[in-house]
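Peer 1: Okay, here's the structure, questions in a sec.
The values are calculated or read from the model by the stated rules, or taken from the named source; none is laboratory data. Fair warning: this is a prediction, and the values are worked out from it, not measured in the lab. Please note: Cβ atoms are built from the backbone with ideal geometry, for glycine as well, and neighbour counts cover all protein chains shown.
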Amino acid sequence: MKKTAAPARASWMFRGRNAIRATMILAILGPCPAIAQNNRLLASARSVLVQSDVVFNKHRRFDSDAVPFSYIYLSGLLKSFRQVTVNPDIIIKFHKDVFLIGDEKISLSVFDADDNSVLYSEERKLVDEENDVNRLVAHFLARVKVERDAIAAEVTAQVEQEKKRNTAERDSKALKEAEVIVSIYSSSDSLLQAIIEANRSKPNECHVFLRDVSRQDDADVVLSENVKKGIYTLTLTSRGTDEILHAEVVPEISAKRAIALMSKWITSTPWE
């Protein structure tokens, strides 16, 4: 019996050491909010079912209540989510464990309401209950913000890509239909883009394609603007001779109209 008991004890001690080592590693790493199996749901979720429970020793006569909902409401959680009682996007559970004296814990866990999979979880030592709730919620909302910002950035990038693709297709079509190409320069990037946009989107009688260039020496014409005493002047000059080809003078508040009028003049003028 002694010969068989020794290996069994050694095996138990080895498993115990491994468990202790794993626990120490988790303690060093801290709470692991990255249980997220569906980060997109954290970002898109808007409705929440909030739950609170407690595990306690029946022989203890204090500290055996679940986390008060007043703490949860004051934590700011519901500024980011709409509380519901049925059909939530996610379920958030506050769990308090006061079963062992000196080892009290509190946790916040988030579940996918569809399949109850864990999306996020953090546990901490219970010291001051209200502060602990505030910290758990703050950490969770910080994670939600990261996920929402990531989705927003992804959507913005997709929109920009779509805009670039549409612009490229539009420019390609306009270039194929063009009967003359005029290179245009402006020291104002916003003005240059505005006149190009007008050239592509407005009626183009003479099929003039404006091509923006980044160097004045590469341009056929130069577009400049000036504001003085509430008057906006838009001037188109020949790059080689500085000859004023056309000008639009309007009240400052009508700058966009001046750009549209300039584009109309360019596209209705026969160019050599």
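To keep it simple, each residue is scored yes or no on (1) part of a helix (DSSP H, G or I); (2) within 30 Å of residue 59 (Cβ to Cβ); (3) more than 17 Å from the chain's Cα centre (by Cα).
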residue: 91; (1), (2), (3): no, no, yes
residue: 94; (1), (2), (3): no, yes, yes
residue: 97; (1), (2), (3): no, yes, yes
residue: 100; (1), (2), (3): no, yes, yes
residue: 106; (1), (2), (3): no, yes, yes
residue: 141; (1), (2), (3): yes, no, no
residue: 156; (1), (2), (3): yes, no, no
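Peer 1: Let me ask something else. Being part of a strand (DSSP E or B) and charged (D, E, K, R) is the filter here, so list the residues in the stretch 239-272 that pass it. Working first, answer last.
Peer 2: Taking the stretch 239-272 as the starting set, the residues that turn out to be part of a strand (DSSP E or B) are 244-251.
Result: 248, single match.
Peer 1: Further question: Which of the residues spanning the stretch 80-128 are under 15 Å from residue 143 (Cα atoms) and free of Cβ contacts under 8 Å to residues at least 24 places away in the same chain?
Peer 2: Listed by number, the residues that qualify are 109, 111.
Peer 1: Another one. Which condition does residue 122 not pass, out of (1) outside the structural domain of residue 88 (by TED's automatic domain parsing); (2) touching a Leu at 6+ places or on another chain (Cβ under 7 Å), if it passes all the others?
Peer 2: (1) is the only condition that residue 122 fails.
To keep it simple, each residue is scored yes or no on (1) within 23 Å of the chain's Cα centre (by Cα); (2) farther than 30 Å from residue 195 by Cβ; (3) outside the structural domain of residue 210 (by TED's automatic domain parsing).
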site	(1), (2), (3)
79	yes, yes, yes
118	yes, yes, yes
159	yes, no, yes
162	yes, no, yes
167	no, no, yes
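Peer 1: Tally time: how many residues in the stretch 199-238 are in a strand (DSSP E or B) and touching a Lys or Arg at 6+ places or on another chain (Cβ under 7 Å)?
Peer 2: We begin by selecting, within the stretch 199-238, every residue in a strand (DSSP E or B); these are 208-212, 221-228, 231-238.
Narrowing further to those that are touching a Lys or Arg at 6+ places or on another chain (Cβ under 7 Å): 221-222.
So the count comes out to 2.
Peer 1: Looking only at the stretch 222-259, count every residue that is out of contact with any strand residue (DSSP E or B) (no Cβ under 9 Å at 6 or more places or on another chain) and either under 28 Å from residue 175 (Cβ atoms) or of a type in the set (Asp, Glu) (or both) and tell me the total. Please lay out each step first, then the result.
Peer 2: The first filter runs over the stretch 222-259 and keeps only residues out of contact with any strand residue (DSSP E or B) (no Cβ under 9 Å at 6 or more places or on another chain), leaving 228-229, 240-241, 256.
Now narrow it down to the ones that are either under 28 Å from residue 175 (Cβ atoms) or of a type in the set (Asp, Glu) (or both): 240-241, 256.
Residues flagged as out of contact with any strand residue (DSSP E or B) (no Cβ under 9 Å at 6 or more places or on another chain) and either under 28 Å from residue 175 (Cβ atoms) or of a type in the set (Asp, Glu) (or both) within the stretch 222-259 amount to 3.
Peer 1: Could you tell me which numbered condition residue 161 fails, if it satisfies all but one of (1) modelled with pLDDT under 95; (2) closer than 30 Å to residue 44 by Cβ?
Peer 2: Residue 161 satisfies every listed condition except (1).
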